[in-house]
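The values are calculated or read from the model by the stated rules, or taken from the named source; none is laboratory data. This one's a predicted model, so the numbers in the text were calculated from it and none came from an experiment. Reconstructed Cβ throughout: ideal geometry from the backbone, glycine too, with neighbour counts over all protein chains shown. These accessible areas exclude ligands, DNA and RNA; they are computed on the full protein's heavy atoms, side chains included. Shrake-Rupley method; radii C 1.70, N 1.55, O 1.52, S 1.80 Å.
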Amino acid sequence: MPDADRRDTQEKGFLNLMADKEQRPGRSDRAGKLPQAEKKLHEAVCVLLVELCERFTFFGIVCNTILFCTAKLGYRSHQAAMVNMCFVGTSTLTPVLAGWLAEYLVGRIKLVCICMFLHFLGTALLPVVSFPFEDIYIDRRHVLLTLPKREQKIVFYFALLTASLGIGGIRAIVCPLSAYSLEDCGPKELLSFFNWFHWLVNLNSAVVFVSISYIQQSVARNLGFLIPFVSGLMAMITIHMVRGEMIYKPKADSSLLTTFGVIFSALKTCCVQYRYFSTAVASWLDHAKENHGGHYSETQVEGTKSLTRLFPLFTFQILYRTCVMQIPSGYYLQTMNSNLHFSGFVLPVAAMNVISIVPLLILVPILECINSWLFSSKDTGHSPTIYIVAGHLSAALSVMVAGFSEMHRKHFPQVEQTHSQEVLLVSSMPCFHLAPQYILLGVAEALVTPACSLLSFWLVPERMRGISMHFLALFNGAGCFMGALFVQTAHAGTQGNWFPHLLHEGKLERFFFFLASLMMVNTLGFWTIAHRYNNLHEDCTNEFRGSLPGEKLLKHAKAIKHYNAVLESSPILSPVEKI
């Protein structure tokens, strides 16, 4: 009996010791949660400030480029619109280039520093060319700009290029979409995330536009020096994030070079085999596989195949993005040539951009309710392709309304209006008559952008999601450059009639009607292929993505990890059973 009591006492002591060991990490974890939460909040505030500063500098440039090019550089209206669209397109494409450079050539931290320097250099050079409005002032003395026109244009273009390169690095590294944990989200959660993500981005943009409008309306020349100041502030916040190790580093996945390599290898092998001998394969991309004479593994080829199935979706976004680019080009010129006087003061042109953002801010909560109903069914999966079709239709109607507004604007008598110290003859039609076309484009953005992001993210394997978002950015950038090409073609093909320098002397409405007709055809074209992306259920999307061995292994690993976590946290097992 004494031996039995001794054994019971030892066993109880052992159990108590193990229970203490189990509890101590829990207490330390609870104690460590507060600093970890504070760090996360600190990171979120820093990222929000960086994005706010980046948006301010970006829209500060976009909102003033056309006016600066026409008033100071002597450009024609179509040339100024093309410069603006090319700057937006370059800023859309550079995050893709910056992301690739950060992963494979330069390194993330080093590239962040380089991009911040380029961004500050570009924004600091803008006041040198008296951007946006006036010559340089020192104290109260007016210092005339002494740069010749040719050198002024060179410095201006160099500033735009360096600023766009800096913007790309900031968007790709400091504020990447991959910083959010979206791997385990379903389509409903993803669509909700993209809705609210773009809602926050546009709320940020609305704050920026209101700020720029106030500065333009009060003392315009201060904006030229405020842009580099905000860029410097953004650089300091970013350096603080670098030193605090708050720059997110995504996990390694497929690269753009691998994807392009698979496509070119498949084309090359396909052409060679077609010329000399034929091999039956399920898809032409299978020619890139090693067992069919290519140089890439089955995982890489299957991932590329799932991505190429999204190319029709991406292609139909090009013309849509061209329509959206009318806000900083055609719509801007219409507003600039309308009556901006309201209740005794002159509205800045940038104030009209806020009208296009208001519908998006209102629609997102409504769309959230619709999404809850759309994804409520357990038997059938639903796709937000109906949002994309409706958004494309809204964009086509917006451009059509712009054409009718242009015809309506010409019926008003002309009045004198001062822009950048120059007196212009503009229509006496109030600029608020142009509000419907801005609202319709805002509705289109609220419907199309989150839905396209969801399809691009969900319908590819996890390792291909970053590449898929990069391709979406590439096609969006292509839409910006196509808009510039359309403007140049319309101006050259009609001797300046469809996109005139002085709007009352030409037929800008014909350009809008032509673009609206193309957009209607584009909408019908997408509607015919929308059934390919209709079902977002797991079984159907697995068939769409293809069966990747790596994906299956990853799912098994996640299941085992989850099972182990359940076992470790189970209250049923005693400490001895856990050991």
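Annotations
- Among the helices (runs of 4 or more DSSP H) confined to the stretch 294-411, the ones with at least 1 residues that are surrounded by fewer than 20 Cβ atoms within 10 Å (Cβ to Cβ) are located at 298-308, 311-324, 351-374, 385-409.
- Comparison of 103, 54 shows that the only residue that is open to solvent by less than 20 Å² (accessible area, probe 1.4 Å), modelled with pLDDT under 90 and more than 19 Å from residue 481 (Cα to Cα) is 54.
- Those residues of the stretch 106-127 which are of a type in the set (D, E, K, R) and surrounded by fewer than 17 Cβ atoms within 10 Å (Cβ to Cβ), in sequence order: 110
- Checking each residue in the stretch 94-113 for being in contact with a helix residue (DSSP H, G or I) (Cβ under 7 Å, 6 or more places away or on another chain) and closer than 16 Å to residue 54 by Cβ picks out 94, 95, 98, 99, 111, 112.
One line per residue, one yes/no per condition, for (1) at pLDDT below 90; (2) farther than 20 Å from residue 445 by Cβ:
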| site | (1), (2) |
| --- | --- |
| 300 | yes, yes |
| 311 | no, yes |
| 319 | no, no |
| 323 | no, no |
| 331 | no, no |
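- Helices (runs of 4 or more DSSP H) enclosed by the stretch 455-555 - at least 1 residues per element that are open to solvent by 20 Å² or more (accessible area, probe 1.4 Å) and at pLDDT 80 or above: 465-493, 508-529
- Condition check for residue 143: among the β-branched types (Val, Ile, Thr) and at pLDDT below 80: yes
Yes/no per residue for (1) under 27 Å from residue 93 (Cα atoms); (2) in the same structural domain as residue 362 (by the TED database); (3) at pLDDT 80 or above; (4) among the β-branched types (Val, Ile, Thr):
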position: 176; (1), (2), (3), (4): yes, no, no, no
position: 182; (1), (2), (3), (4): yes, no, no, no
position: 186; (1), (2), (3), (4): no, no, no, no
position: 193; (1), (2), (3), (4): yes, no, yes, no
position: 199; (1), (2), (3), (4): yes, no, yes, no
position: 215; (1), (2), (3), (4): no, no, no, yes
position: 218; (1), (2), (3), (4): no, no, no, no
position: 226; (1), (2), (3), (4): yes, no, no, no
